[in-house]
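Here is the structure we will look at, set down as structure tokens.
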Amino acid sequence: MSAVLDAERVVTRLRAGFNHGVPRVQLLTMAAELIRESGVPYTSVYLYMLHGDDLVLEAWSGRETEHVRIPVGQGVCGTAVATGEDQNVPDVQGRENYIACNLFTKSELVVLIRRGAQILGQIDVDSDQVDPFTADEERAVRQVAEALAVLL
């Protein structure tokens with residue numbers, strides 16, 4: 001089974017934008033929009049970048065969130081940075097430290113954007129479905145994160 005997200009298409013568009021001088025925030029917004037345009041299970045996509053000990057929301061597509069700053073170690077996003085590991089949470093209701101972006105989110109996938117050992121930020125994907133993020137979806141989102149690490 002292949003991923004819903006066509007990572008190669010997204011990466012090609014991001015590289016084209018970069019080559020045409022698209023500013024950083026627009027590249028991040030483009031990434032969020034292109035991922036979300038893949039459709040189900042991608043309900044909302046947030047790009048948080050690491051600023052000191054906080055993740056700061058720099059771009060998104062989908063539902064707005066009041067969580068524009070997340071301390072490292074808090075919630076699924078902060079846990080990803082604190083542990084240095086991507087997070088695939090099939091059912092957010094079962095997660096003690098979950099910070100709800102909205103009432104509709106059922107699952108969350110957080111993939112770190114890294115340049116070598118340095119964490120630059122993350123792609124945070126929310127879904128209204130329980131357990132939709134397969135290993136193929138994770139790999140596809142990671143491919144976009146790896147491209148962003150080079151382009152940013």
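Order by neighbour count: F18, F133, F104, fewest other Cβ atoms within 10 Å first, most last.
Numbers: F18 19, F133 24, F104 12.
Ascending Cβ contact count within 10 Å gives the list F104, F18, F133.
Restricting to DSSP H runs of at least four residues, report the calculated mean residue ellipticity at 222 nm for the chain, -39500 (n - 2.57) per run over all residues, nearest 500 deg cm²/dmol.
Details: 4 runs with 52 residues, N = 152.
Per the formula, -11000 deg cm²/dmol.
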Membrane-span-like helices in the chain: DSSP H runs reaching 20 Å or more (Cα, own axis), mean Kyte hydropathy at least 1.0? none
How big is the charge dipole of the chain about its Cα centre, in debye rounded to the nearest 20, if each Lys and Arg gets +1 on its Cβ and each Asp and Glu gets -1 on its Cβ? 520
Give, in whole angstrom and from largest to smallest, the semi-axes √(5λ) of the equivalent ellipsoid of the stretch 7-151, with λ running over the eigenvalues of the Cα gyration tensor. 22, 17, 14
What percent does the relative contact order of the stretch 7-151 come to when contacts are Cα pairs within less than 8 Å and at least six residues apart? 23
Mind checking the stretch 58-152 for GluC sites (Glu not before Pro) that DSSP puts in a loop (not H, G, I, E or B) and that have at most 12 other Cβ atoms within 10 Å? E64, E66, E85, E96
Need the full-extension length gain, V130 to R13, defined as separation in residues times 0.36 nm minus the C-alpha distance. One decimal, nm. 39.2 nm
Segment V150-Q118, extension gain: residue separation times 0.36 nm, minus the distance between their alpha carbons: 10.3 nm
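Contour minus end-to-end for E66 and D53, with contour as 0.36 nm per residue of separation and end-to-end as the Cα-Cα distance? If you can, show how the numbers build up before the last one.
Numbers: separation 13, 0.36 × 13 = 4.68 nm, distance 1.84 nm.
Extending this stretch completely gives an extra 2.8 nm.
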How big is Rg to Rh over the stretch 66-149, alpha-carbon atoms, Rh as the Kirkwood inverse-mean-distance radius? 0.94
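Can you check what the Kirkwood hydrodynamic radius comes to for the stretch 109-152, Cα pairs only, in Å to one decimal? Working shown, then result.
Values: mean 1/r = 0.0914 Å⁻¹.
After inverting the pairwise mean of 1/r, the radius is 10.9 Å.
Just so you know, all these numbers are worked out from the coordinates, no wet-lab data involved. These numbers were taken from a predicted model, which means no experiment stands behind them. So basically every Cβ, Gly included, is an ideal-geometry build from the backbone, and we count neighbours across all protein chains shown.
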